[in-house]
Amino acid sequence: MARHRSSHNLSQNSKQEEIRLAQKDAWNGLVVWLFLEVLSFAILPRSNIIPGNNKLLTWLTFSVPLGLVGAYLIGLSSWLMKHIQEEVDRSHPNKRLMLFASQLVGWVGLLGIGLPSIMVGLVLWSYLTKGG
């Protein structure tokens, strides 16, 4: 009976660790996204490095939901990777596919978080190629 409790406690601790890791990664993604938001949509346009003070609302309309979802997906990807590695048997025929799908979720999350810098890059490229 004691052995069963010990096993159960290890399982609970592992699940709590998975959740903590996912939360930490989601919060880190959120912090990075907020930094990119401020830099891309407040500092750069106001310092005239990029044009676009009048496009702020349009940019935020796309960037805010995708950034929040991106941060969530980063955390989800982190949780999925750890969960699959620990809980799915090595011999499972689809384990590699599940790990790849988890990584793909993370990359989609990174795109959402990185959208402000992608948008700034596109604005700069357009500005430089069209001459303002």
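Every number here is computed from the coordinates shown, using simple stated rules; none is lab data. Treat the numbers as computed from the prediction; the structure is a model and nothing was measured. Heads up, the Cβs are rebuilt from the backbone with ideal geometry, glycines too, and the neighbour counts pull from every protein chain shown.
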Overall dimensions of the chain as given by Cα atoms, namely Rg and Dmax in Å: 20.3, 76
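Can you tell me how much longer the chain between residue 88 and residue 57 gets when fully stretched, taken as 0.36 nm per residue apart minus their C-alpha distance, in nm with one decimal?
Numbers: separation 31, 0.36 × 31 = 11.16 nm, distance 4.47 nm.
Here the segment from residue 88 to residue 57 would lengthen by 6.7 nm.
Would you calculate a helix-derived [θ] at 222 nm for the chain, using -39,500 (n - 2.57) for each DSSP H run of n ≥ 4 and dividing by the full residue count, to the nearest 500? Can you show the working numbers first?
Working: 3 runs with 105 residues, N = 132.
Only helices count here, giving -29000 deg cm²/dmol.
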Using a Gaussian network model on the chain with a 10 Å cutoff between Cα atoms, which of 112, 29, 121 fluctuates the most? 121
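Hey, got the dipole for the chain? About the Cα centre, +1 on K and R Cβ, -1 on D and E Cβ, debye to the nearest 20? Walk me through the intermediate numbers first.
Values: 12 positive and 7 negative charges, 17 e Å.
My answer is approximately 80 debye.
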Considering only 66, 110, 44, give the residue with the highest GNM mean-square fluctuation for the chain, with springs between Cα atoms whenever their separation is below 10 Å. 44
Residue span residue 100 to residue 64: 0.36 nm per residue of separation minus Cα-Cα distance leaves a gain in nm of 10.3 nm
Based on alpha-carbon centroids, what's the gap between the range 85-132 and the range 30-70 in Å, whole number please? 19 Å
